[in-house]
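Here the structure is laid out as structure tokens; the discussion comes afterwards.
The values are calculated or read from the model by the stated rules, or taken from the named source; none is laboratory data. None of the values given here were measured: they were computed from a predicted structure. Ideal geometry is used to build each Cβ from the backbone, glycine not excepted, and the neighbour counts take in all protein chains shown. Heavy atoms of the whole protein, side chains included, go into the accessibility calculation; ligands, DNA and RNA do not. Shrake-Rupley method; radii C 1.70, N 1.55, O 1.52, S 1.80 Å.
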Amino acid sequence: MSLLNRSYSVLPGFRLGFGISLAWLGLIVLLPLAMMIVATSRMGWPAFLGTVLDERVLASLRLSFVAAAIAAAINAVFGLLLAWVLVRYRLFGKRFIDAMVDLPFALPTSVAGIALTTLYAPNGLVGQYLAPLGIKVAYTPLGIVVALTFIGLPFVVRTVQPVLQELERELEEAASCLGANRWQTVRRVIFPTVLPALITGTTLAFARATGEYGSVIFIAGNIPLVSEIAPLIIVSKLDQYDQNGATAVAVVMLLISFALLLLINSLQWWSARRNGAQR
Amino acid sequence: MSDSYSATAEARWVRWSLCGVALAFVFLFLLIPLLSVFQQALSHGVGLYLAALTEPDARAAIGLTVRSAAIAVPLNLVFGIAAAWAIARFEFRGKTLLTTLIDLPFSVSPVVAGLMFVLLFGVNSPVGAFLAAHGMKVIFAEPGIVLATVFVTFPFVARELIPLMQSQGADEEQAALVLGASGWKSFVRVTLPNVKWGLLYGVILCNARAMGEFGAVSVVSGHIRGETNTIPLHVEILYNEYNFVGAFACASILALLALLTLVIKSLIEWRQAREQNQASGRVQLARVRRAGEHA
């Protein structure tokens, strides 16, 4: 184990624990990932670019990322608001609401998909009130945003909530003593402290939404060039036995999500350093 | 919080409207979709609901879902404990990389995850061809479904345990070892009791995702009715056939599972908070402070 440069510990079981995790990681995550790289490298540039630059593929990638960005922005606003209400206010049924926030984590995506579609269809429980206003949700890109908002909500709430809980009241009292009104305190004292967590949560929601499939395909209507998301393109290419085409689209999505992962990690590093500097 | 004016509270109308917006959002986006699943499932009576659940294809789907979760969850449980032990209890080079790699499945689209296994075990790959020659089918069969499920639920247990074990530190285990306990005994008697709630939480989340996974499983399953259909896939097929009662009936099982998951999670959090409070007496402190504010 000299390669790992492990510092001495009296605790046993490092080799066992490390061995099991590395073996399982290799088998389940790294091997399939490597296969993907092999499959892409066999394809060659012309085939790869030909698939990726296809009009339908580009439209689907654009839709996936734009819809995910809008949903993430909605979640940033309402997630922050919800976390604030849950931490700061006394509210009837707060425990229940707090538990319900995790519903999108626990509810399978296909169930969420058919439930939202039925609700937002023109004759559905919610859709019937929107239809006379000329707002069509189901089977349009707007429906995709609704589904992705549902999926991403807990990410923002659960990242912001602990930071709000840790927030020291004394700081706000000090701001108030120094003559700040409540709005100034919220904007200048509370918001900057919460911001790193808010950005992290929003990015997590965005990352999850870009790859989401189950909840979206029901409500999207899947009209080519209009409401067809990138994961669906992968599935339909596979259904047509076009493995190379599916792989090409998947590689683009993978690269983008890895870039996002990197961004999240550096954000966390940045906020940890900033908090460290403050204390 | 008292109702009188306070320097660290908002005006009453601000509080009311914030609460109102938050409640409306939860109601519209979370509660109504959940309730509508049950409403739709029971919309044509209990008889049809039960008939949709006991129909052979639905029963086969339920069986397959339970089977694949029963394989995937224990595997990831063992992995999660092993990874948390190595990462939270030892210092070694490449620890950050290992942690990042464990989180990787979270940032891969489920559909892409499924595709990876098709590329690895499909008929066009050398591995798949070798297995097919020996009469083993992975893709469009149960092993593929289990593999895809393991992939998407890979980080759950490890992610729950690592921060928990890191915050607890190794003092108690070291004490047990110094007092003469074997490594295994200190693990069973000290480590496991300390992390039991976090572990349970990780397992139920892992299980909920395993039983509900759609995208990854959909790519590797082949959608053979009664054979390789899990409950979420069966829901999709029924829905696309306009059999809404059947689709929502099967969906209601998954929704119940989600509710159960949330209830267990809340219970765990409640117990954890109580245990922590008993240990630190923070409840008393908070109560005293609040009383002081009211006075």
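Quick grid of which residues meet (1) at positive phi; (2) in contact (Cβ under 8 Å) with a residue 24 or more places away in the chain; (3) hydrophobic (A, V, I, L, M, F, W, C); (4) within 8 Å of chain A (Cβ to nearest Cβ):
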site: B:A11; (1), (2), (3), (4): no, no, yes, yes
site: B:S36; (1), (2), (3), (4): no, no, no, yes
site: B:E55; (1), (2), (3), (4): no, yes, no, no
site: B:A61; (1), (2), (3), (4): no, yes, yes, no
site: B:T65; (1), (2), (3), (4): no, yes, no, no
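Scanning the range A:227-246 for residues that are in contact (Cβ under 8 Å) with a residue 24 or more places away in the chain, over 22 Å from the mean Cα position of the chain (by Cα) and facing chain B (nearest Cβ under 9 Å) yields one hit, A:Q243. Being among the aliphatic types (A, V, I, L, M), within 26 Å of the chain's Cα centre (by Cα) and surrounded by 15 or more Cβ atoms within 10 Å (Cβ to Cβ): is that true of A:M35 here? Judged against the criteria, A:M35 is a match.
Screening A:E172 with (1) open to solvent by 10 Å² or more (accessible area, probe 1.4 Å); (2) at pLDDT below 85; (3) assigned to a helix (DSSP H, G or I); (4) not aromatic (F, W, Y) gives one miss only, at (1).
Inspect the range B:82-101 for any residue being touching a Pro at 6+ places or on another chain (Cβ under 6 Å), under 19 Å from B:L205 (Cβ atoms) and surrounded by 19 or more Cβ atoms within 10 Å (Cβ to Cβ) and give the result as yes or no. Show your work before the answer.
Kept after step one, since they are touching a Pro at 6+ places or on another chain (Cβ under 6 Å), are these residues of the range B:82-101: none.
No, the range B:82-101 contains no residue that is touching a Pro at 6+ places or on another chain (Cβ under 6 Å), under 19 Å from B:L205 (Cβ atoms) and surrounded by 19 or more Cβ atoms within 10 Å (Cβ to Cβ).
Residues that are within 24 Å of B:P74 (Cα to Cα) and at the interface with chain A (Cβ under 10 Å from one of its Cβ atoms) within the range B:116-151 comprise B:M116, B:F117, B:V118, B:L120, B:F121, B:L147, B:A148, B:V150, B:F151, listed in sequence order. Are any of the residues in the range B:282-289 more than 10 Å from every other protein chain (Cβ to nearest Cβ) and either modelled with pLDDT of 85 or more or open to solvent by less than 40 Å² (accessible area, probe 1.4 Å) (or both)? Scanning the range B:282-289 turns up no residue that is more than 10 Å from every other protein chain (Cβ to nearest Cβ) and either modelled with pLDDT of 85 or more or open to solvent by less than 40 Å² (accessible area, probe 1.4 Å) (or both). Tell me, which residue of the range B:156-169 that is over 15 Å from A:G17 (Cα atoms) and within 12 Å of chain A (Cβ to nearest Cβ) is surrounded by the fewest Cβ atoms within 10 Å (Cβ to Cβ)? Ranking the qualifying residues of the range B:156-169, first place goes to B:G169.
Going by the structure shown, is A:V189 in a helix (DSSP H, G or I), under 21 Å from A:W270 (Cα atoms) and without any contact (Cβ under 8 Å) to a residue 24 or more places away in the chain? It would help to see each step written out before you state the result.
Values: in a helix (DSSP H, G or I): yes; under 21 Å from A:W270 (Cα atoms): yes; without any contact (Cβ under 8 Å) to a residue 24 or more places away in the chain: yes.
For A:V189, the condition - in a helix (DSSP H, G or I), under 21 Å from A:W270 (Cα atoms) and without any contact (Cβ under 8 Å) to a residue 24 or more places away in the chain - is met.
A:V77 is checked against (1) over 30 Å from B:S125 (Cβ atoms); (2) surrounded by fewer than 21 Cβ atoms within 10 Å (Cβ to Cβ); (3) more than 10 Å from chain B (Cβ to nearest Cβ); (4) within 18 Å of the chain's Cα centre (by Cα) and fails just one. What number does that condition carry? Looking at each condition in turn, A:V77 falls short on (3).
Name the residue, out of B:L115, B:L101, B:L77, that is without any contact (Cβ under 8 Å) to a residue 12 or more places away in the chain, out of contact with any His (no Cβ under 7 Å at 6 or more places or on another chain), assigned to a helix (DSSP H, G or I) and of a type outside the set (D, E).
Values: B:L115 fails: without any contact (Cβ under 8 Å) to a residue 12 or more places away in the chain; B:L77 fails: without any contact (Cβ under 8 Å) to a residue 12 or more places away in the chain.
Result of the check over B:L115, B:L101, B:L77: B:L101.
Set side by side, the residues A:G13, A:G50 differ, and just one is more than 25 Å from the chain's Cα centre (by Cα) and at the interface with chain B (Cβ under 7 Å from one of its Cβ atoms), which is A:G13. Of the residues making up the range A:17-32, those that are open to solvent by 30 Å² or more (accessible area, probe 1.4 Å) and either within 7 Å of another protein chain (Cβ to nearest Cβ) or within 20 Å of B:D171 (Cα to Cα) (or both) are A:I20, A:W24, A:L31.
A single member of B:K196, B:K185 is within 19 Å of B:Q272 (Cα to Cα) and free of Cβ contacts under 8 Å to residues at least 24 places away in the same chain, and it is B:K196. Scanning the range B:103-115 for residues that are surrounded by 22 or more Cβ atoms within 10 Å (Cβ to Cβ) and more than 7 Å from chain A (Cβ to nearest Cβ), we see that the one that is farthest from B:G144 (Cα to Cα) is B:A113.
Take the residues of the range B:81-97 that are facing chain A (nearest Cβ under 7 Å) and part of a helix (DSSP H, G or I): which is farthest from A:G245 (Cα to Cα)?
B:R89
For the range B:216-272, which positions are more than 7 Å from chain A (Cβ to nearest Cβ), in a helix (DSSP H, G or I) and charged (D, E, K, R)? B:E269, B:R271, listed by residue number.
Of the helices (runs of 4 or more DSSP H) entirely within the range A:7-70, those holding at least 2 residues that are aromatic (F, W, Y) occupy A:14-25, A:45-52. Of all the criteria given as (1) over 20 Å from B:F248 (Cβ atoms); (2) open to solvent by 60 Å² or more (accessible area, probe 1.4 Å), the one not satisfied by B:L48 is (1). Please work out if B:H234 is closer than 24 Å to A:L238 by Cα and either open to solvent by 10 Å² or more (accessible area, probe 1.4 Å) or at pLDDT below 90 (or both). So B:H234 does not fit the description; no. Among the conditions (1) surrounded by fewer than 24 Cβ atoms within 10 Å (Cβ to Cβ); (2) more than 27 Å from A:W45 (Cα to Cα); (3) facing another protein chain (nearest Cβ under 9 Å), A:E212 misses just one, which is (1). Among the conditions (1) more than 7 Å from chain B (Cβ to nearest Cβ); (2) more than 19 Å from the chain's Cα centre (by Cα); (3) over 30 Å from B:F79 (Cα atoms); (4) not charged (D, E, K, R), the only one that A:L63 does not satisfy is (2). Of everything listed in (1) over 24 Å from A:A112 (Cα atoms); (2) more than 10 Å from every other protein chain (Cβ to nearest Cβ), the single unmet condition for A:P224 is (1).
For the range B:56-69, a residue qualifies if it is open to solvent by less than 60 Å² (accessible area, probe 1.4 Å) and in contact with a helix residue (DSSP H, G or I) (Cβ under 9 Å, 6 or more places away or on another chain), and the qualifying residues are B:D57, B:A58, B:A60, B:A61, B:I62, B:L64, B:T65, B:S68, B:A69.
Under the condition of being touching a residue at least 12 places away in the same chain (Cβ under 8 Å) and open to solvent by 30 Å² or more (accessible area, probe 1.4 Å), the residues counted in the range A:247-260 number 1.
Is it fair to say A:T117 is more than 16 Å from the chain's Cα centre (by Cα) and closer than 16 Å to B:L34 by Cα? Yes.
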